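Q: Okay, handing you the structure first.
The values are calculated or read from the model by the stated rules, or taken from the named source; none is laboratory data. Because the structure is a prediction, the values reported are computed rather than measured. No Cβ is skipped: glycine too gets one built from the backbone with ideal geometry, and neighbour counts run over all protein chains shown. Just so you know, the surface numbers come from the protein's heavy atoms only, side chains and all, with ligands and any DNA or RNA stripped out. Shrake-Rupley method; radii C 1.70, N 1.55, O 1.52, S 1.80 Å.
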Amino acid sequence: MPTGFSSTILRFDTIDSTNLEAIRQARVGAPEGLCVIAREQSVGRGRLDRTWHSPKDAGLYFSIVLRPKLPMNLWPLLPLVSALAVSDALMKSCGLRADIKWPNDILANERKLCGILAETLETASGAAAIIGIGINLTKAAVPEALRSNATSLEEMMGHQIDGERILTELLETIAERYQVLQSEGGAEHTIREWCGNSSYAFDRVVRVSSDHDSFEGRTRGLQGDGALRVETGDGKLRVVRAGDVTAVRATTNSASSESNL
Ligand code: BTN
């Protein structure tokens, strides 16, 4: 399958955030597929304005520029596709079967192993999406305070894992999944695949929290645009497009402003 991606990788020892650099590159015309990777980030960014702890060589920190040929209402599927690609790459490179928590956290043994931050912007050459992926490679990637809720590949596999191997697999799996998303029936296929690879898709009791709301319910699959359907105790179906989802009964630390969990 043709990938359609440029193979340009911009490497940095230290950077503020690979997402910020990818945004800067996209603004000056970077083509689809440009990848920005850094050994450490001084201002690693997570979802919901959190920080992403990014010490040197402890994680894989990278971002890809995409210029999707998709209707805007399907762009929320991009982080879901990216989560599937991470899950594929972890299976291929480490034999690790990961879970996906809505929308795009990658979990191993119920603990967070990888986070994805998708951002969009307008550029002179059209709208672009930046997909930023952070994978905890070593134990040092996970701050002490988050260790009960977050993990690393080192901890899961019992030895250190080569980040370059994962990056190579990931660039392939992202390109493949992204190509499928943009083909006929790709959105429906992506939703089916996401549901097949996430224990959170159906019948999971969760708490949904956002700035202005918090409620519990049971998951009932995804809408066509990737939003999560949650049935509350009174039988009403709520459609979640933003916020945090946590499994009820699992130990959580939702008050944290760090996102490696
Ligand atoms: C999350 O909150 O779960 C998303 C975390 C995303 C972290 C990655 S690391 C590479 C890229 N650059 C950033 O500043 N953030 C993303």
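Q: In square angstrom, what is the accessible area per residue of the chain with a 1.4 angstrom probe? Don't skip to the answer; put the middle values down first.
A: Numbers: 11520 Å² over 261 residues.
About 44 Å² of surface per residue is accessible.
Q: For the range 202-257, what are Rg and Dmax over the alpha carbons, in angstrom?
A: 11.0, 32
Q: Given H placed 1.01 Å from N in the peptide plane, which residues other than close sequence neighbours of Ala38 have an amide H under 5 Å from its amide H?
A: Amide H neighbours of Ala38, under 5 Å, 5+ apart: Phe12, Tyr61.
Q: Could you check which residue among Thr138, Thr18, Thr168 shows the biggest mean-square fluctuation in a GNM of the chain with a 10 Å Cα cutoff?
A: In the Gaussian network model the winner is Thr168.
Q: So what is the calculated 222 nm ellipticity per residue for the chain, using -39500 (n - 2.57) for each DSSP H run with n of 4 or more, over all residues, to the nearest 500 deg cm²/dmol?
A: Theoretical 222 nm ellipticity from helices: -7500 deg cm²/dmol.
Q: Provide the convex hull volume over Cα atoms per residue for the chain, in Å³.
A: Value for the chain: 120 Å³ per residue.
Q: What share of the DSSP beta bridges in the range 1-122 is antiparallel, in percent to the nearest 5?
A: Details: 11 of 17 bridges.
Of the beta bridges lying entirely in the range 1-122, close to 65 percent run antiparallel.
Q: How many Å³ per residue does the convex hull of the Cα positions in the range 1-98 occupy?
A: 138
Q: Can you tell which of Gln182, Ala124, Gly233 lies farthest toward the positive end of the dipole of the chain, using +1 and -1 charges on the Cβ of basic and acidic side chains (Lys, Arg; Asp, Glu)?
A: Gly233
Q: As an exercise, use a Förster radius of 45 Å and the Cβ-Cβ distance of Ala140 and Arg238 to find the FRET efficiency, rounded to the nearest 0.05.
A: So, using R0 = 45 Å, E works out to roughly 0.70.
Q: Once you list every other residue whose beta carbon is under 15 Å from the beta carbon of Ser183, what net charge do they have if Lys and Arg are +1 and Asp and Glu are -1?
A: Charge balance near Ser183 sits at -1.
Q: Tell me, what % of the accessible area of the chain is carbon and sulfur with a 1.4 angstrom probe?
A: Carbon and sulfur: 49 percent of the exposed surface of the chain.
Q: Tally the DSSP beta bridges in the chain and give the antiparallel ones as a percent, rounded to 5.
A: Here the antiparallel bridges make up roughly 85 percent for the chain.
Q: Right, next: Taking θ = phi - 60°, what integer Hz values does the Karplus form 6.51 cos²θ - 1.76 cosθ + 1.60 yield along the range 29-45, in sequence order, with x for Gly and Pro?
A: Residue by residue, the range 29-45 yields x, 3, x, 4, x, 4, 10, 10, 10, 9, 6, 8, 10, 8, 9, x, 10 Hz.
Q: Sticking with this one: Quote the FRET efficiency, to the nearest 0.05, computed for Asp49 versus Val248 with a Förster distance R0 of 25 Å and r equal to the Cβ-Cβ distance.
A: 0.55
Q: Please identify, among Gly44, Gly226, Gly243, the residue showing maximal mean-square fluctuation in a Gaussian network model of the chain using a 10 angstrom Cα cutoff.
A: Sorting by GNM fluctuation, first place goes to Gly243.
Q: What does the extension gain come out to for Leu121 and Arg67, with contour length at 0.36 nm per residue minus their alpha carbon separation?
A: Working: separation 54, 0.36 × 54 = 19.44 nm, distance 1.01 nm.
Extra length available between Leu121 and Arg67 comes to 18.4 nm.
Q: Still on this model: Test of understanding: what is the full-extension gain from Glu184 to Glu216, defined as 0.36 nm times their sequence separation minus their Cα-Cα distance? Present the calculation step by step, with values, prior to reporting the outcome.
A: Values: separation 32, 0.36 × 32 = 11.52 nm, distance 3.54 nm.
Once the chain is fully extended between Glu184 and Glu216, it gains 8.0 nm.
Q: Could you go through the range 150-157 in sequence order and give the Karplus-derived ³J(HN,Hα) for each residue, using 6.51 cos²θ - 1.76 cosθ + 1.60 with θ = phi - 60°, rounded to whole Hz, and x for Gly and Pro?
A: Per-residue couplings from phi come out as 9, 9, 9, 5, 4, 5, 5, 9 Hz.
Q: Separation between the Ser199 and Asp162 pseudo-spin-labels, each 7 Å from Cα along Cα→Cβ, expressed in nm?
A: Spacing of the two 7 Å Cα→Cβ label points: 3.1 nm.
Q: Run the quick spin-label model on Arg97 and Arg27: label points 7 Å from Cα toward the beta carbon, then report their separation in nm to one decimal.
A: Between Arg97 and Arg27, the label points sit 4.5 nm apart.
Q: Which value, in debye to the nearest 20, describes the size of the charge dipole of the chain about its Cα centre when Lys and Arg Cβ atoms bear +1, Asp and Glu Cβ atoms bear -1, and nothing else is charged?
A: 320
Q: Quick check on the range 202-257: of the DSSP beta bridges with both residues there, what percent are antiparallel, nearest 5%?
A: Close to 100 percent.
Q: May I ask for the net charge around Ser93, where only other residues with Cβ less than 11 Å from the Cβ of Ser93 are counted and Lys, Arg are +1 while Asp, Glu are -1? Write out the running numbers ahead of the final one.
A: Numbers: positive: Lys92, Arg165; negative: Asp88, Asp162, Glu164, Glu169, Glu172.
Neighbour charge sum, excluding Ser93 itself: -3.
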